[in-house]
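One structure is given here, and the rest of the page talks about it.
The values are calculated or read from the model by the stated rules, or taken from the named source; none is laboratory data. What you see is a predicted model; the values in this text were computed from it and never measured. When we count neighbours, we look across all protein chains shown, and the Cβ atoms used for this are built from the backbone with ideal geometry, even at glycine.
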């Protein structure tokens, strides 16, 4: 089964475009998890149990696991094995390196950490992207227009007097997706409505991973309006902190479920 | 001691600008290391012992360790602790993420994996770079013009009708370095001579990390000519495969030393 089929199947089964970002910060660990020596795995298990019927994907961000050293990566290796096998895993590492190193990252992400898809940073060009697309049953979301405050600093520069950098990148990603065999999608922040609309116009068929609807304050309605592809695949709309840390008290798992459910209900109503 | 002081001190002590890239690929493990269950640490120990008086830095690339799963990261955690404390460690992860995630990466790199410096990918803008520069005694090398074949695809685009993207990035990096307190340098491939000269012209004071002189075939003489800063700091000239895998037989450590020494002698002659 391809990444796209697996994603579509999870979206339909759970009637959801929500992706929960597993951005675990041990300084924020809820009270009931604090007694554990290693807190990432037990916390993630509770979050997954509380939300697995409400999501279309989970997205662990490598940075938060590296922050805990090798112990964090051991936890990541266990967490991805705890995620039900019919829910896609997007390993958010924003990888981008020369060919032989990109191959190493792809091997790590897809073969060791069981990722169905990764995120990629495109600054180094096509040969930093293609090793990830050699895996026919996996996918890669390339950064197009990100959700952070300074995203436009380079991404919105006018290039060759013709278009903006994120537009050029979008055209490249269409070509990468056509060449395959893996699926190539785009990361487009919900905090940049104009760019979101423009990227959908330029790439009607590409899957979107849309961060920024939770703590970053992006627009969920716009994410849904522009998120869908021409073939009816919905966006992967990510929320991390607003779900994970909805409460830090004994009710944290229920609160995470309630926060996820609220987002999912808004998505279903908007359909 | 700042990263720059530590780097300068190692360059002077070992009379070397050579950085050995610890890009360990277990499929290439030399014969005497193959009996080990976990091969990365014993191999790295032999390479470090054989080259530690010839280098100004070691540069482990995160991708090769992730390729081995959590076991690879456990090995990385041990390898960085084996490197003598007066030799700078550059963790090559080409990180680039939103602010709170960049903080997590910086915590991981600097506090867990003992890095003196990291590499960063700038596509997401200033707020993805600055969290790494909050550490006054550490450094960050931002990708400017990389050594891979498709590097120019985005990096050499003309932006705002005024300059090329890598030139714009170079100006940004000068500002980031001034704002500090950490040191900001640039990654400039030895495979792109014109760009190397131009970037040095634009940023006379910034430290350069120069990959591509080994297996990638870049020009060592040019790396040295343009590598030095106005304050006399030498470049960090990286070679990985050509040193690590100079031999895969019983003489691999001697062969690695010979390959490193040959590069260092060329550097000393060119001075």
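Quick notes on this structure:
- Meets criteria (surrounded by fewer than 18 Cβ atoms within 10 Å (Cβ to Cβ) and either under 25 Å from residue A:145 (Cα atoms) or within 15 Å of the chain's Cα centre (by Cα) (or both)) for residue A:249: no
- Residue B:21 touching a strand residue (DSSP E or B) at 6+ places or on another chain (Cβ under 9 Å) and over 21 Å from residue B:182 (Cβ atoms): yes
- Test for residue B:217: is it modelled with pLDDT under 95, more than 12 Å from chain A (Cβ to nearest Cβ) and farther than 22 Å from residue B:10 by Cβ: yes
- Single condition residue A:221 does not satisfy, out of (1) within 24 Å of residue A:5 (Cα to Cα); (2) touching a helix residue (DSSP H, G or I) at 6+ places or on another chain (Cβ under 7 Å); (3) surrounded by fewer than 20 Cβ atoms within 10 Å (Cβ to Cβ): (1)
- Tally of residues being under 21 Å from residue A:160 (Cα atoms), more than 10 Å from chain A (Cβ to nearest Cβ) and touching a strand residue (DSSP E or B) at 6+ places or on another chain (Cβ under 7 Å) across region B:156-193: 2
- From the options B:175, B:228, residue that is surrounded by fewer than 17 Cβ atoms within 10 Å (Cβ to Cβ) and modelled with pLDDT of 95 or more: B:175
- Residue check, residue A:69 in contact with a strand residue (DSSP E or B) (Cβ under 6 Å, 6 or more places away or on another chain) and either crowded, with 18+ Cβ neighbours inside 10 Å or under 30 Å from residue B:23 (Cα atoms) (or both): no
- Selection within region A:178-191 - out of contact with any helix residue (DSSP H, G or I) (no Cβ under 8 Å at 6 or more places or on another chain) and farther than 22 Å from residue A:137 by Cα: A:191
- Residues of region A:9-40 that turn out to be in a helix (DSSP H, G or I) and buried (at least 20 other Cβ atoms within 10 Å of the Cβ), as a count: 4
- From the list A:110, A:166, A:141, the one residue that fits, being touching a helix residue (DSSP H, G or I) at 6+ places or on another chain (Cβ under 7 Å) and either surrounded by fewer than 24 Cβ atoms within 10 Å (Cβ to Cβ) or modelled with pLDDT of 95 or more (or both), is A:166.
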